[in-house]
Amino acid sequence: MKIGIYGGTFDPPHLGHMEAAKAAIHYFGLDRLLLIPNKLPPHKFLPKDTASESARFAMTELMADGIGSTATAVDLELLREGPSYTADTIRALRTKYPDAQFYLLMGTDMFLSFETWREPDFLAKEVTLVPFFREEGSSHELFAVQTEKLREALGAKIQMLPLETVHPISSSQVRRLLHDEETQDRAGALLFPSVYGYILRHHLYGTCTELKNLSSSRLRAVSYSMMKAKRIAHVRGTEETAVALALLWGEHPEYARRAAILHDCTKYWELPEQLALCAEYGVSLDDLERQSVKMLHSKTAAILSEHQFGEAPEVCRAIARHTTGAPDMTRFDQIIYLADYVEPTRDFDGVEELRQLAFSNLEKAMIVGLQTTIAELEEKHVPVHTNTIRTLEQLTRIVEG
Ligand SMILES: [Fe+2]
Ligand SMILES: [Fe+2]
């Protein structure tokens, strides 16, 4: 098994880290890549505005999720007291993975000072060193001299990681940009959106962004930071489709955009968390809703949209109705319901016909959508919510005149 090991303060993790991680997975055919935030880096001081350990870990997890299933954030250094020596980490990992080949990723500066690390001879035996250049113009000559030196002195195995795109980004530069409201979104462009959203939600690095009335790009980041990366494509697709349908059917396109961005933001909350939020805001639930995250997430996403993000009532109502439907759905509600149903990443029998119908006859498309949902649930012996049945009955009456 080939395991990549990439340590750092990840304060915050940025696209430069992400690119190097992805490149290493691809180049070496890694089976796993462990992203390991340091507790106390031996080679540098943590800055004054450093994020808490739990926040650095959470951001690293979000980045790992964005990289894909090969990558995992590991908290073993955060759990260990004292300076985070790589040698201790490798020793712990060796016990866990006795037969693995380890690839230790590091920027050039770390590579050039490798002899000053703790137990370099032990490390050289246990891992392949994988230096990479994160800045154009890094000294290739110095690199070649160091490679030769480490090979001779320690018998080190060294394989350079070529990076196609070099992002000369540093976490300190990102923190500086974040600090100033004017330059904050420039920092956001250097971060995986979910990481940026996490920073905004938790007001890290001096950001004090008001979460109400966010720009659409910040709203996206904040919403994505609450979900698994694999869901982002669906939410993006829903946004595109909702805006297109709103423009066609004469509804507010920006409201449609915002409803779509937020519609699944609580999808990954556990049931108790969903129930607690509903209780806090006095939202009444029936028996079916109380047992199902699938139904509850539309209610809780609507609560957050109203109370945390300050969205318009139309937006919140459409979000609340996007799973089960509801009698007296407005045209705007129907647009969000259908955008979620037929967005481009959806793939089921009849999706193309339903997609076309949504753009030619909204109510008929709703009827087909509701019928499809009911048939699917019945096939799986899952109870159908009364709102879904009542919505279908009502729309059928209207269409049949
Ligand atoms: Fe949903
Ligand atoms: Fe959805």
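Laboratory data are not the source of any read-out in this text; all were calculated from the coordinates shown. Values in this document were obtained by computation on a predicted structure and should not be read as measured data. Cβ sites come from the backbone with ideal geometry, for glycine too, and all protein chains shown count toward neighbours.
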- Message: Based on alpha-carbon centroids, what's the gap between the range 295-353 and the range 126-180 in Å, whole number please?
- Response: 47 Å
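Determine the gain in length on full extension of the stretch Glu393-Ser172; use 0.36 nm per residue of separation and subtract their C-alpha separation, reporting nm with one decimal. Mind showing how you got there, number by number?
Working: separation 221, 0.36 × 221 = 79.56 nm, distance 5.86 nm.
The span from Glu393 to Ser172 would gain 73.7 nm if fully extended.
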- Check the straight Cα-Cα distances from Lys294 and name the lysines below 25 Å, setting aside those fewer than 8 residues away within the same chain. Lys228, Lys230, Lys267, Lys364, Lys380
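What Kirkwood radius, in Å to one decimal, follows from the Cα pairs of the chain? Present the calculation step by step, with values, prior to reporting the outcome.
Working: mean 1/r = 0.0423 Å⁻¹.
When all Cα pairs of the chain are included, the Kirkwood radius is 23.6 Å.
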- Note on the structure: Between Asn361 and Leu271, Cβ-based FRET efficiency (R0 35 Å, step 0.05) works out to 0.40
